[in-house]
Amino acid sequence: MTTVEQIISSSTVRPKRFRVDEFRKMTEAGILPEESGWEIIDGFLIDRMTIGSKHASIVKRLNKLLAEFLTNQVIISVQDPIHVDDYNEPEPDITLLKPRPDFYAESHPTPSDVLLLIEVSDSTIGYDRGIKMKLYAEAGIIEVWLVNLLDETIERYSLPANGRFGSVETFNRGDSIHSISLEYLTLNVDEILGSQ
C-alpha cells in the first residue's frame, strides 16, 4: 500500500495540502457537507471512520459523567474542531475547554484553551496513538485521555515537550483515573467503559 510519505517523496507527483481556511471555504461552498466527518491533519483531509455504537455510547457516557461532575466549571465540547495551526484542525471526541462568555462563537478553541482532550478509539487505535498523539503533543495540549475500546483501558498522556508526551500511563478496569490538569476530576474506568 502506498503511503502519503511515499507520494510526497515522489519527484513527479505532488498531493495538494490544504490550509484550514481552504477547508472551511470548501465546506461553505458545499463541496464538503458541514457535518461530513472530515478533519484536517497536516493539510490532508481525513475522513473519520464511521462511529460504531460502542464508540458512540462511550462518548455519550463521558459527556453525561463530565457534565454532572463539572457543572459550570468548563465547557464540554463534543466532536468539535480545535484549531491547532494553518494545516491542522482535528475534531476530538470530547474536549474540556476553559470557560469563555461567547462559548467560542468568535473562533474555534486553540490548544491553549484545552484543559483535557479525550479520544475514543477502536479501529483507529494506531492512527490515534501515532499521528494524533504526536499532533497533540506538538501543539502543547496538556493532557489527553485515549479510551482504548479494544483493550478496555484508558491511556493518559501528559507533560508535552519537544513534540512528545513525557508521561504515558494506562488505567484498567477497577482503576480510577484522575485528571492532571483538573485536579478535582476523578472517574472510575468502569464508569467510563460501562458494563462488560
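The values are calculated or read from the model by the stated rules, or taken from the named source; none is laboratory data. Since we're looking at a predicted model, the values are computed, not measured. Cβ coordinates were reconstructed from backbone atoms using ideal geometry, including for glycine residues, and neighbour counts include every protein chain displayed.
In segment 174-187, the residues that are over 13 Å from F69 (Cβ atoms) form Cβ pairs under 8 Å with partners that are surrounded by fewer than 16 Cβ atoms within 10 Å (Cβ to Cβ) and of a type in the set (D, E), at six or more places apart or across chains, as follows: G174/D190.
Could you tell me whether segment 55-76 includes any residue that is part of a strand (DSSP E or B) and at pLDDT 90 or above? Yes - at least one qualifying residue is present in segment 55-76. Do we have any residue at all in segment 85-105 that's more than 26 Å from I51 (Cα to Cα), assigned to a loop (DSSP other than H, G, I, E, B) and in contact (Cβ under 8 Å) with a residue 60 or more places away in the chain? Yes, the conditions are met somewhere in segment 85-105. For segment 81-102, state whether one or more residues are among the hydroxyl-bearing types (S, T, Y) and under 26 Å from L159 (Cα atoms). Yes, because at least one residue in segment 81-102 is among the hydroxyl-bearing types (S, T, Y) and under 26 Å from L159 (Cα atoms).
Residues in segment 107-142 that are outside any helix (DSSP H, G or I) and of a type in the set (A, V, I, L, M): V114, L115, L116, L117, I118, V120, I141, I142.
Just checking, does segment 136-150 include any residue being out of contact with any Gly (no Cβ under 6 Å at 6 or more places or on another chain), exposed (fewer than 15 other Cβ atoms within 10 Å of the Cβ), among the hydrophobic types (A, V, I, L, M, F, W, C) and farther than 20 Å from K54 by Cβ? The answer is no, given that none of the residues of segment 136-150 is out of contact with any Gly (no Cβ under 6 Å at 6 or more places or on another chain), exposed (fewer than 15 other Cβ atoms within 10 Å of the Cβ), among the hydrophobic types (A, V, I, L, M, F, W, C) and farther than 20 Å from K54 by Cβ. Pairs are defined by a Cβ separation below 7 Å, a sequence spacing of at least 6 or placement on different chains, a first member in segment 19-30 that is of a type in the set (V, I, T), and a second member that is at pLDDT below 80; the pairs so defined are T27/E34. If you go through segment 88-105 one residue at a time, do you hit one that is over 11 Å from the mean Cα position of the chain (by Cα), within 23 Å of L66 (Cα to Cα) and of a type in the set (V, I, T)? There is no residue in segment 88-105 that is over 11 Å from the mean Cα position of the chain (by Cα), within 23 Å of L66 (Cα to Cα) and of a type in the set (V, I, T).
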